[in-house]
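All remarks here apply to the structure that follows.
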Amino acid sequence: MRQLRRLRPYFRYLYEVRTHLFAAAFFGLIYSAATGAGIPAMMNFVFPVVFDPVPVSWVRLTSNDILRIAAYIPMIFLLRGVAGYFNACHIQIAGTRILEAIRLDYFKKLQVLPLSFVQGRQTGDLISRGLADTNQLQFVLTQIANDGVKQPGTLLFAISYLGYMATKVNGIGLMLVCLAMIPLVVFPIRYFGRKVGKRAAELQNQLGLVTAVFSENLSAAREVRAFGLEEHEVRRFSHLTHALVIFQVKVAKYAQAISPAIEVIAAAGVAATLLFAYRAHISKDDFLAVVTALFLAYEPIKKLGALNTEMKRAGASLDRLEVVLHEPVAITDPAQPVTLARSRGDLIFENVSFAYKAGEPVLRDVSVSLPAGTVCALVGPSGAGKSTFANLVPRFYETSAGRVLLDGHDVRAFRLADLRRNIAVVSQDPVLFNDTIYANLVLGRAGATHVEVEQAAREAFAHDFIVNLEGGLGYDTIVGERGGRLSGGQKQRIALARAFLRDAPILILDEATSALDGDSEAAIQAALKKLVVGKTVLIIAHRFSTIRDATTIIVFEAGEIVATGSHAHLYTANPLYRSLYDRQQGGS
């Protein structure tokens with residue numbers, strides 16, 4: 001019952017496929033009647049007539065009578081088979097749609113959770129939760145909907161037939177003997193169910209680790225080969241999969257113990273029935289019918305015991321799924337948003353602090369004003385807070401204290417879609433989706449015309465290489481997973497073309513020219529001069545050659561702004577900036 005209460009919030013998925021579930025329940029009841037009562041009745045009414053040792057009985061039966069009696073056997077199994085078939089079909093359809101709905105809800109939730117949540121977990125583990133754990137939950141929900149009707153129905157019909165035979169043969173005594181053993185099956189179900197619940201949680205966690213390592217290895221294929229890590233990766237994966245096998249064996253060991261335990265108890269019940277039948281002088285034919293009904297009464301109990309085991313495993317999957325499904329959505333639209341069409345680009349940071357969960361502050365009481373049209377370079381050691389500072393503008397993260405103002409309004413006052421439509425981001429390692437170049441470009445602005453897309457590509461110096469790609473497909477070329485079929489410089493230029501196409505008033509450049517060769521970088525720098533006109537630009541600078549056109553430079557150290565000004569001013573007045581600049585110039 002506790003497991004059912006745990007699953008209750010997810011029964012809404014069953015409601016969405018109620019038509020198929022009602023149909024499955026209808027055919028399930030027919031199946032139950034044909035199994036629980038039809039088969040024992042066949043044993044009692046058909047076989048004794050056909051195999052009656054008294055030859056005179058054949059005289060009383062005509063050929064048509066024998067034909068009708070014999071036809072009872074295929075009729076029962078035909079009814080049972082057809083009902084079982086349609087029951088399985090409707091359950092399969094319902095289960096597939098339930099799985100789709102659960103995975104879609106899980107995926108939707110991931111889209112709205114803050115970056116800090118997603119980046120704080122292994123990608124492979126999140127994938128495992130969305131595939132393996134949702135599959136386990138779907139399986140249990142459909143089994144509850146199906147076996148919750150079919151198995152109790154079979155048990156009820158079988159017990160009803162036992163009751164009928166008890167009144168016919170030797171009263172209530174036979175009924176009590178037959179049913180005396182049934183309550184005993186609860187004990188192995190509960191014992192082994194608890195064991196499975198504990199082991200299933202370990203199994204699902206280990207499966208998440210295996211998937212995470214698998215995903216990590218594929219994403220780092222170049223590094224694995226470059227550093228000769230093939231054998232190291234095989235050993236690491238082998239160690240994890242070996243541990244996974246151990247957990248799988250433990251779950252199987254306890255799950256498979258339920259069925260034989262119930263069968264032993266059922267056999268004891270049959271033996272007790274045999275002793276009672278011998279002492280009560282019950283005929284062989286009546287005894288066979290009773291034993292068949294008794295066996296069919298234990299069968300659904302065995303399946304319900306297996307369902308209880310699966311519910312324990314579903315509980316372990318729910319623990320992992322609810323880490324995502326119950327995670328609060330910290331970054332949301334306001335109840336009464338301020339309208340934002342096209343921003344002017346005025347940015348103000350007022351006493352802004354930020355820290356990840358249970359971590360040291362990344363930004364400490366940062367205040368700065370960036371008027372519209374400012375080209376601002378963010379400089380400082382690694383981990384100083386540059387990227388976090390820029391990521392607070394599109395609300396990839398939420399400030400822990402203070403506020404970020406855009407055009408005089410707190411960025412939290414705008415709808416997320418409106419705010420982010422006014423911002424273009426070009427990262428150091430741009431991500432392209434496994435689609436055509438054209439599809440990746442129009443992500444910059446939905447509804448852009450082909451002429452506008454091509455113009456943006458020309459401005460980013462991408463058009464020429466696109467039309468000359470091997471295969472002759474041009475803009476219809478598939479880029480591969482994460483743009484793997486393109487060079488680093490080509491990917492970067494496509495990402496820049498997206499920014500040109502978006503034409504947003506705020507531009508965030510995370511070392512956007514780092515992957516380009518010298519000639520391409522010079523051309524892109526010239527194009528960027530045109531792109532940044534009239535825009536507020538934040539350049540997260542790793543190389544000082546990229547900040548030559550900045551109107552102001554902000555120097556970060558340990559999450560604080562320690563200096564602001566032009567290159568000439570900072571080189572003279574700020575030792576940190578001077579040391580960073582000289583170190584890089586000396587190494588170039």
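Bear in mind that the values in this text are calculations on the coordinates, not laboratory data. Please read all numbers here as calculations on a predicted model, not as lab measurements. Reconstructed Cβ throughout: ideal geometry from the backbone, glycine too, with neighbour counts over all protein chains shown.
At a glance:
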{"quantity": "Among (i) 1.01; (ii) 1.43; (iii) 0.96, the entry derived from the coordinates for Cα Rg over 2.2 N^0.38 Å", "calculated": "(ii)"}
{"quantity": "Given 11 as the ceiling on other Cβ atoms within 10 Å, longest exposed-site-free region of the chain for chymotrypsin sites (Phe, Trp or Tyr not before Pro) in DSSP loops", "calculated": "228-588"}
{"quantity": "Beta bridge orientation in the range 347-587: antiparallel %, DSSP, nearest 5", "calculated": "55"}
{"quantity": "Tilt relative to the chain, helix 230-280 - C-alpha long axis, 0 to 90 degrees, to 10", "calculated": "20"}
{"quantity": "Ala355 long-range amide H proximity, modeled H, under 5 Å", "calculated": "Val362, Ser400"}
{"quantity": "The range 228-256 residues near the modelled Glu216 label - backbone nitrogen below 12 Å, point 7 Å along Cα→Cβ", "calculated": "233, 236-237, 240"}
{"quantity": "Rounded to 5, percent antiparallel among DSSP beta bridges of the chain", "calculated": "50"}
{"quantity": "Charge sum, other residues only, whose C-beta stays under 11 Å from Thr142's C-beta, Lys/Arg counted +1 and Asp/Glu -1", "calculated": "-1"}
{"quantity": "Sparse-neighbour loop sites [GluC sites (Glu not before Pro); the range 434-475; at most 11 other C-beta within 10 Å; DSSP]", "calculated": "Glu470"}
{"quantity": "Lys, Arg +1 and Asp, Glu -1 on Cβ, resulting dipole of the chain about Cα centre, debye, nearest 20", "calculated": "1840"}
{"quantity": "Amide hydrogen neighbours beyond the local backbone of Ile540, cut-off 5 Å, H modeled", "calculated": "Leu378, Leu509, Asp510, Glu511"}
{"quantity": "Size of electric dipole in the range 347-587: Cβ of Lys, Arg +1 and of Asp, Glu -1, about Cα centre, debye, nearest 20", "calculated": "320"}
{"quantity": "Residues of type aspartates and glutamates that Lys303 reaches as a straight line, Cα spacing below 19 Å, ignoring anything fewer than 8 places off in the same chain", "calculated": "Asp147, Glu263"}
{"quantity": "By average C-beta atoms within 10 angstrom, highest first, the peptides 528-539, 476-487", "calculated": "528-539, 476-487"}
{"quantity": "Linear extension gain, Ser579 paired with Ala417, 0.36 nm per residue minus alpha-carbon span", "calculated": "54.2 nm"}
{"quantity": "Karplus-derived HN-Hα couplings along the range 385-394 (A = 6.51, B = -1.76, C = 1.60, θ = phi - 60°), whole Hz, x at Gly and Pro", "calculated": "x, 5, 5, 4, 4, 5, 6, 6, 5, x"}
{"quantity": "Cα gyration tensor shape for the range 347-587, rounded if a/c is under 1.5, else prolate or oblate", "calculated": "prolate"}
{"quantity": "At R0 = 56 Å, FRET efficiency that the Cβ-Cβ distance of Arg235 and Ala272 yields, to 0.05", "calculated": "0.50"}
{"quantity": "Residues whose placed amide H lies under 5 Å from that of Asp346, excluding near-sequence neighbours", "calculated": "Ala372, Asp407"}
{"quantity": "Distance between modelled label sites at Arg458 and Gln119, nm, 7 Å Cα→Cβ extension", "calculated": "3.7"}
{"quantity": "Given charges at beta-carbon only (K, R positive; D, E negative), |dipole| of the range 346-486 in Debye", "calculated": "420"}
{"quantity": "Prolate/oblate/rounded label for the range 337-413 (Cα gyration tensor, a/c 1.5)", "calculated": "oblate"}
{"quantity": "Exceeding the 32 Å Cα-Cα cut-off - candidates Lys108/Lys250; Lys150/Lys312; Lys108/Lys195; Lys150/Lys253; Lys109/Lys253", "calculated": "Lys108/Lys250; Lys108/Lys195; Lys109/Lys253"}
{"quantity": "Table column - 3J(HN,Hα) (Hz), the range 444-452, Karplus curve with 6.51, -1.76, 1.60, x for Gly and Pro", "calculated": "x, 7, 4, x, 5, 7, 5, 5, 5"}
{"quantity": "From phi via Karplus (6.51, -1.76, 1.60), per-residue ³J(HN,Hα) for the range 491-507 in Hz, x at Gly/Pro", "calculated": "4, 5, 6, 5, 5, 5, 4, 4, 5, 4, 5, 5, 6, 7, x, 10, 10"}
{"quantity": "Most positive-pole-ward Cα, Ser259, Val329, Ala293, against dipole of the chain from beta carbon charges", "calculated": "Ala293"}
{"quantity": "Added length on full extension, which subtracts the Cα-Cα distance from 0.36 nm per residue, Asn468 to Leu405", "calculated": "18.2 nm"}
{"quantity": "Using alpha-carbon coordinates, inclination of helix 186-219 to the longest axis of the chain, degrees", "calculated": "30"}
